[in-house]
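Please read the structure below before turning to the comments.
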Amino acid sequence: MARRSTSLLLAVLALAAATAALVAPPAAHAEIDGPCQATIAGENIAAKDVSATGEPITVEESARVPVTMSAPRPITMLKVEIEFAGISWTVHDEPTEGTSWAKTVNIADYSKYGVGLYKIVGSSSGQAFSCTGAALVEVDGNPLTTVAGLVGLGLAIVGALGVLWVAVRGPGGAPVVGAVLGFLLGAGVAVLLQQFAIVYPTMIVALIALGAGALLGMVCGLFGRSGPKY
C-alpha cells in the first residue's frame with residue numbers, strides 16, 4: 001500500500017510537471033492588433049509574453065489597476081474583459097470619445113474568489129479601425145485563503161485519493177470510475193497551477209490537464225490489482 005501511495009504521489013507530481021511542460025511554447029510577445037498603444041498597470045503590454053507560462057504583470061490583490069489605450073484617430077468604443085481558461089467576462093463596455101481612454105479594474109472585486117494568473121484584454125474601435133491588446137496579470141496573494149485555491153486543493157486531494165483507491169481495488173468497472181476521479185484530479189491540479197501563478201489556464205492547458213488526469217485514472221483502474229474488500 002505504501003509503495004502504491006508513493007507511486008501515485010509521483011504520478012500526481014508528474015501530471016503537474018507534464019501539464020506545465022506541454023503548455024510551455026516558445027516565448028510569444030503580446031501583439032496589439034491595430035494602430036494603438038496600450039498599458040496595464042503602467043506597463044507596455046507589447047513587451048509582455050502572453051503564453052501559458054508567459055511573463056505576467058504583478059499586482060496586489062487589493063490593487064486598482066489602470067488599463068489604457070491610445071490611437072492616432074478618435075476612439076468611439078472601449079471594452080475591457082478578464083479571461084480565464086478560454087472563458088471571458090466583460091468588466092467594462094461603453095462608448096467613449098477622444099484619442100485615448102483609461103479604465104480602472106478593481107482587483108479586489110475578483111481576488112476574493114481567487115488569485116494567481118489571469119488575462120486582461122482591452123479593445124477599442126473607431127472610424128474604419130479597431131484595436132485589441134492583452135496581457136497576463138498575476139494577482140499576488142495566498143491561494144489557500146481564497147475560494148478557488150481551496151476548491152482546487154479539495155479537488156486534487158479527492159481525485160488523488162480516489163485514483164489511489166481505484167488502483168488498489170483494481171478492475172471491475174474501475175476504469176470508468178478511475179477516469180472520473182482522474183478528471184477531478186486534473187481539474188484540481190490545473191486550478192492550483194493557476195492559483196500559484198505557475199501556468200495560465202488557456203483552453204488548451206485546461207484540456208491537457210483534464211485529459212491527462214482522466215487518462216491516469218483510467219490506467220490505474222485498468223492495471224490496478226484488487227485489494228482487501230471491506
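For region 108-214, give me every one of the helices (runs of 4 or more DSSP H) that falls completely inside it and has 1 or more residues that are at pLDDT 85 or above.
Details: elements: 108-111, 147-169, 174-195.
It comes to 147-169, 174-195.
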**Asked** Name the residues in region 149-174 that are open to solvent by 30 Å² or more (accessible area, probe 1.4 Å), within 20 Å of LEU207 (Cα to Cα) and touching a residue at least 40 places away in the same chain (Cβ under 8 Å), would you?
**Response** VAL151
**Request:** Consider ALA212 carefully, then state whether it is aliphatic (A, V, I, L, M) and touching a strand residue (DSSP E or B) at 6+ places or on another chain (Cβ under 8 Å).
**Result:** no
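Would you say ASP49 is open to solvent by 60 Å² or more (accessible area, probe 1.4 Å), at pLDDT below 80 and within 26 Å of MET203 (Cβ to Cβ)?
On the way: open to solvent by 60 Å² or more (accessible area, probe 1.4 Å): no; at pLDDT below 80: yes; within 26 Å of MET203 (Cβ to Cβ): yes.
No, not satisfied.
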**Residue under evaluation SER62, criteria (1) free of Cβ contacts under 8 Å to residues at least 24 places away in the same chain; (2) touching a helix residue (DSSP H, G or I) at 6+ places or on another chain (Cβ under 9 Å), criterion not met** = (1)
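Listed here are the residues, each with its yes/no results for (1) crowded, with 17+ Cβ neighbours inside 10 Å; (2) in a strand (DSSP E or B); (3) charged (D, E, K, R).
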| position | (1), (2), (3) |
| --- | --- |
| THR53 | yes, no, no |
| THR76 | no, yes, no |
| ILE82 | yes, yes, no |
| ASP93 | no, yes, yes |
| ALA102 | no, yes, no |
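The values are calculated or read from the model by the stated rules, or taken from the named source; none is laboratory data. Model, not experiment: these values are computed from the prediction. Because the Cβ atoms are built from the backbone with ideal geometry, glycine has one as well, and the counts that use them run over all protein chains shown. The area values use the complete protein model at the heavy-atom level, side chains included, leaving out ligands, DNA and RNA. Shrake-Rupley method; radii C 1.70, N 1.55, O 1.52, S 1.80 Å.
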